[in-house]
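Peer 1: What follows is a structure written as structure tokens; I'll ask about it next.
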Amino acid sequence: MRVTLRQLEAFATVAKLSSVTAAAERMGLSQPAVSSLLRELERACGDIPLLDRSKRVIRLTEAGRETLRRAELILGETATLIEELRGLQEGHVGSVSLACTAAVASSILPKMLRQFRAHYPRWRFVIHDILPQDLVDTVLNGSADFGIGTVASHPDLDSVRLSSDVVSLVVPAQSALADRKSLRWDELVGLPTIAMRKSNVVRPILDGILAAHGTDFQPLIEVSLLSTALALASEGQGYAILPAFLIPEQLRAGLSVVPLTDPIIERPLSLFSRKGRVLSPAAERFHEIVSKTFEGS
């Protein structure tokens, strides 16, 4: 028995909603029809249970989690194909989906998007402005054509380094530190500092380099979003330790950025995509715009 897209769609919908009834309503099918599609999929997979139906809320088995990952890739690629074929017929081919952090979305992305839309004003653009730790998964599962951010080396990603940014101290403009040209890390001892949480991809880079230099970094406040760190710094709740390049101009009012040295810690910014993914013409063009934006930087 062959696996069909309808079976994968039913399975992915049930997995997302944790309910056959809700999935049936979403798909416009009867509950027995959805249950039948699930049974057919499990038989096609060798009678391996994909769903745990023993409890009130349906959960994925280990095999189900792996199947869902593959199903989302297949369904995502299929949806992209259908959309692009329709675009060919209607004369407005193309869509681009990008994963990036909120910091990228509010700082460098608007300029690049403006350039792109000057060439393709009617082409669709989807921005996944998400937490840094979710970037890689969003690109690997096919939800986004590519991502912009700081990522570790990954065997399933093609990555191009765009630029690098120096980790700096963000202080209120009226602070005594605001006029400093730079600050050493050891001068931060005893100061109330604000840093990104350890789940942020930049934090392990920072911690590792500082540990190698014999510095035990213990921030007073840890946050998930750059905007939160800036808001706290603006209110005098501490000094934010951040990559300065991605701080949007509209959020810099009342703040000063002082580079941190001894050691200088750089945060790489990369453009990355899943290996083997075929980009649409629109995505390829946007890829070129991003690369040219950073040439010489």
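Peer 1: I'd like the residue in region 162-197 that is part of a loop (DSSP other than H, G, I, E, B) and among the hydrophobic types (A, V, I, L, M, F, W, C) and, out of all such residues, is surrounded by the fewest Cβ atoms within 10 Å (Cβ to Cβ).
Peer 2: Looking at the filtered set, the residue picked out is A176.
Peer 1: Which residue, of L230, L242, is farther than 11 Å from S168 by Cβ and surrounded by 15 or more Cβ atoms within 10 Å (Cβ to Cβ)?
Peer 2: Within the list L230, L242, the selection yields L230.
Peer 1: Please enumerate the residues belonging to region 266-297 that are within 27 Å of L85 (Cβ to Cβ) and in a helix (DSSP H, G or I).
Peer 2: Hits for region 266-297 are P281, A282, A283, E284, R285, F286, H287, E288, I289, V290.
Peer 1: Let me ask something else. Closer than 23 Å to F116 by Cβ, at pLDDT below 85 and in contact with a Leu (Cβ under 9 Å, 6 or more places away or on another chain): is that true of S280 in this structure?
Peer 2: No.
Peer 1: Out of the residues in region 13-34 meeting the condition of being of a type in the set (G, A, S) and within 17 Å of V57 (Cβ to Cβ), tell me which one is surrounded by the fewest Cβ atoms within 10 Å (Cβ to Cβ).
Peer 2: S18
Peer 1: Scanning region 163-187 for residues that are over 27 Å from the mean Cα position of the chain (by Cα) and among the aliphatic types (A, V, I, L, M), which turns out farthest from T215 (Cα to Cα)?
Peer 2: A173
Peer 1: Write out, first by first residue and then by second, each pair whose Cβ atoms fall under 9 Å of each other, whose residues are 6+ apart or on separate chains, and whose first residue, in region 24-35, is more than 13 Å from F11 (Cα to Cα) and in the same structural domain as T13 (by TED's automatic domain parsing) while the second is in a helix (DSSP H, G or I) and not hydrophobic (A, V, I, L, M, F, W, C).
Peer 2: Note: pairs meeting the criteria are E25/Q31.
Peer 1: For region 14-44, how many residues meet the condition of being under 25 Å from D137 (Cα atoms) and part of a loop (DSSP other than H, G, I, E, B)?
Peer 2: Number satisfying all stated conditions: 2.
Peer 1: Only one of (1) loosely packed, with under 15 Cβ neighbours inside 10 Å; (2) assigned to a helix (DSSP H, G or I); (3) touching a Leu at 6+ places or on another chain (Cβ under 8 Å) fails for V126. Which number is that?
Peer 2: Of the numbered conditions (1) loosely packed, with under 15 Cβ neighbours inside 10 Å; (2) assigned to a helix (DSSP H, G or I); (3) touching a Leu at 6+ places or on another chain (Cβ under 8 Å), the odd one out for V126 is (2).
Peer 1: Here is a further query. Quick check on my filter: what residues within region 101-122 are buried (at least 17 other Cβ atoms within 10 Å of the Cβ), closer than 16 Å to K292 by Cα and in contact with a helix residue (DSSP H, G or I) (Cβ under 8 Å, 6 or more places away or on another chain)?
Peer 2: I108, M112, F116
Peer 1: I'd like the residue in region 134-161 that is loosely packed, with under 14 Cβ neighbours inside 10 Å and in a loop (DSSP other than H, G, I, E, B) and, out of all such residues, is nearest to the chain's Cα centre (by Cα).
Peer 2: Ranking the qualifying residues of region 134-161, first place goes to A152.
The values are calculated or read from the model by the stated rules, or taken from the named source; none is laboratory data. In this text, all values refer to a predicted model and were calculated from it rather than measured experimentally. With ideal geometry, Cβ positions are generated from the backbone for all residues, glycine too; neighbour counts draw on all protein chains shown.
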